[in-house]
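Read the structure below first, then the notes.
Please treat every number below as a calculation from the coordinates, not as lab data. The shown structure was predicted, so the numbers you read here are calculated from the model rather than taken from an experiment. No Cβ is skipped: glycine too gets one built from the backbone with ideal geometry, and neighbour counts run over all protein chains shown.
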Amino acid sequence: MIYQEQIPDLGELTLEPVCPDRHAELLHGWVTLPRNRFWGMGSHPLEQVRETYAFLDGLDTHHAYLILLNGEPVGLFQSYQPAADPVGERYPVQAGDMGMHLLLNPPRRYLRGLTAAVGPALARFLLRDPTIQRIVVEPDVRNETALRRLRIEGFTFAAEIDMPDKRAQLAFLTRGRFEVDHPTQVG
């Protein structure tokens, strides 16, 4: 376990580093679901998913975590340094930028309120590092659900960018904006 937080009305959220050999089957089941098409791995066979996360596991700049709620897997969270990622070639990376990707796949009983609770929890996890000043995201421009959630969470939308596999909406959440919206929750 790398991080733990109590989420009111939901329970204990924890982040656990992805172990490619142990978690590949679970992740493959998630990333290949039609509703998760924006993750971009819908046609990947199990071995390719395992290889992808084994590759990420070997990088110092990218990290993948299982999100657990009360010990049950509910999603996948990835953080990355934009300067070491294709997104960093498409905007002027600033010192203190940290990128993130989020895929939630909760059981039905956790649908209500989970997305609204997980976003701020993941921001708190990233912002524990005092050098991080801005969270960077680049969801597919067609992913209206993600774009709506980012607006609610206080992200500022920048340019649309062409990534290798999608047209993406670049957006940022500054430490200052997060601390204004969540004043007592950042240490």
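Using a simple spin-label model with pseudo-atoms 7 Å out from Cα toward Cβ, ARG37 and ALA84 lie 3.3 nm apart. Placing a label point 7 Å from the Cα of GLN94 along the Cα-to-Cβ direction, the residues of the range 114-138 whose backbone N falls under 14 Å from that point are 131-137.
Charge dipole of the range 1-67 (Cα centre as origin; +1 on each Lys and Arg Cβ, -1 on each Asp and Glu Cβ, all else neutral): 340 debye, rounded to the nearest 20.
Return the label of the correct value of Kirkwood radius over Cα pairs in Å, as calculated from the structure shown, out of (i) 16.5; (ii) 17.7; (iii) 16.9. Label (iii) holds the value from this structure. Ordering MET1, MET163 by the number of other Cβ atoms within 10 Å of each residue's own Cβ, fewest first, gives MET1, MET163. Using a cutoff of 8 angstrom between alpha carbon atoms and counting only pairs six or more residues apart, the relative contact order for the range 76-132 works out to 37 percent. Mean residue ellipticity at 222 nm, helices only, the chain: -9500 deg cm²/dmol; runs of at least 4 DSSP H residues each add -39,500 (n - 2.57), and the sum is divided by the number of residues.
Please give the net charge around ARG50, taking every other residue with its beta carbon less than 12 angstrom from that of ARG50, where Lys and Arg add +1 and Asp and Glu add -1.
Numbers: positive: ARG22; negative: ASP21, GLU25, GLU47, GLU51, ASP57.
Neighbour charge sum, excluding ARG50 itself: -4.
Using the Cβ-Cβ distance between GLN133 and GLU25 with R0 set to 41 Å, the FRET efficiency from 1/(1 + (r/R0)^6) comes to roughly 0.65. Around the Cα centre of the chain, unit charges on the Cβ atoms of Lys, Arg, Asp and Glu (plus for the first two, minus for the last two) sum to a dipole of about 660 debye.
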